[in-house]
Amino acid sequence: MTSPTITGLAAKVALGSWNAGDIARLQEAIAFASRSHRHQLRRDARTPYVSHVVRVMTTCAVVFACPDPVVMTAAVLHDTIEDTTTDYEDVEERFGAEVARCVAALTKNMALPEAQREKEYDARLAAAPWQARLIKLADVFDNLCDIESYTPEKREAKRRDAIERAKRAVALAMPDAHREPVAVALEAVITLLEAQPRARQTDSRRHGARQRK
């Protein structure tokens, strides 16, 4: 039975097609991610890892203007299969097949050599639902925003890696630029890339994103 609190919240919050079940599922996903990542830190060795997935979720909703139930739920869970003991069946059983497919698409096969792993990851993400590529844009957006948290001796290497991954995410999402949330996301990520030292994107790429809106 849905709690009166959740029912009341669903009645008051203007979130488009959200219902009480969507809100309850997102709340459980945040709690699940917090438990799953509870012993992990970001690479700065001091920030709880769960802050990253919550920021990715928030980026989707606020920066990319896409407060979609599946997107937000999958965003906060996007690293659970790759980085914790959670498997696909856990996510599907708790949060549904649509969310599980997005999370699976965002999960790298760590058993493969790095070059093969990254190529396979990009191919799988390209074939996934567009929501997975939107979440990937939020992931790289957050990683670019997080660069300054690293110590000076690590910062430039992290910046180069974040820039390279962000460029890949942009390329993968370009075919979806006709979708308004993806167009907004591409604009946000490209703007952030252009602000990076030695990382100027071409005007034509920005123009391409706008033309597809």
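The table below gives the values:
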{"item": "For residue 112, solvent-accessible area (1.4 Å; no DNA, RNA or ligand), Å²", "result": "40"}
{"item": "For the stretch 88-132: rounded, prolate or oblate by the Cα gyration tensor [a/c cutoff 1.5]", "result": "oblate"}
{"item": "Built amide H within the under 5 Å cut-off of residue 41, gap 5+", "result": "49"}
{"item": "Cα-based shape type of the stretch 32-165, given that a ≥ b ≥ c are square roots of the gyration tensor eigenvalues and the cut on a/c is 1.5", "result": "rounded"}
{"item": "Net charge, residue 129 excluded, C-beta distance under 13 Å - Lys, Arg +1, Asp, Glu -1", "result": "+2"}
{"item": "Karplus-derived 3J(HN,Hα), 6.51/-1.76/1.60, for each residue of the stretch 76-83, Hz, glycine and proline x", "result": "6, 9, 5, 9, 5, 6, 5, 10"}
{"item": "Relative packing of 45-58, 176-189, which averages over residues the other C-beta atoms within 10 Å, highest first", "result": "176-189, 45-58"}
{"item": "Percent carbon-and-sulfur accessible area, the stretch 147-191, ignoring ligands, DNA and RNA, probe 1.4 Å", "result": "58"}
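The values are calculated or read from the model by the stated rules, or taken from the named source; none is laboratory data. The structure displayed is predicted, hence computed values, not measured ones. Glycine also receives a Cβ, built like all others from the backbone with ideal geometry; neighbour counts cover every protein chain displayed. Note: areas computed on protein heavy atoms with side chains; ligands, DNA, RNA excluded. Shrake-Rupley method; radii C 1.70, N 1.55, O 1.52, S 1.80 Å.
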